[in-house]
Amino acid sequence: MACVVSDRIPVTLHHTRGGSIAYCPFGGPGVGQKQNPALQIPLHALYHVGKYGVDCRISGGVQRWEALWGTQVDHLNSTCHRLRYSLWTLAWSWASPLVRRRVERFLQQYHSRSVPP
């Protein structure tokens, strides 16, 4: 699979964190916990750890990277489309009970807001 930003190869897998991921129902993993390993996107080194990399500590951090190259959530969705497989479903199956409760609360709130009275 090619880089989700540039379509270049080779790629390494970036564990999504911060930025748009912090606002999705899976959110951050919490103190002392790793991000769900299913939530990874393929990035060419230039966009992962290189000059334009999300992990190279560019000024503005993950938010700046997302402003330049697109959100990690959008790239995860694009990766799902390319794979024809839901990384979100995989993330759910690997999620801790704490994260599952957070996702369930989010979905309940989302559905209660989207259903007309």
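With runs of 4+ DSSP H residues as the only contributors, calculate the mean residue ellipticity of the chain at 222 nm using -39,500 (n - 2.57) per run, divided by the residue total and rounded to the nearest 500.
Working: 5 runs with 51 residues, N = 117.
It lands at -13000 deg cm²/dmol.
Using only the alpha-carbon atoms of the chain, report the extent along each of the three principal axes, biggest first, to the nearest angstrom.
Answer, in whole Å and largest first: 48, 31, 29 Å.
To the nearest 20 debye, what is the magnitude of the charge dipole of the chain about its Cα centre, counting +1 on the Cβ of each Lys and Arg and -1 on the Cβ of each Asp and Glu?
My answer is approximately 220 debye.
Would you mind getting the accessible area per residue of the chain, heavy atoms of the protein chains only, 1.4 Å probe, in Å²? Each step should come with its number before you reach the end.
Values: 7270 Å² over 117 residues.
In whole numbers, the chain has 62 Å² accessible per residue.
At a 1.4 Å probe, what is the % contribution of carbon and sulfur to the accessible area of the chain?
59
The values are calculated or read from the model by the stated rules, or taken from the named source; none is laboratory data. Bear in mind the structure is a predicted one, so any value in this text is a computation, not a measurement. Glycine also receives a Cβ, built like all others from the backbone with ideal geometry; neighbour counts cover every protein chain displayed. Calculation scope for accessible area: heavy atoms of the full protein, side chains included, ligands and nucleic acids excluded. Shrake-Rupley method; radii C 1.70, N 1.55, O 1.52, S 1.80 Å.
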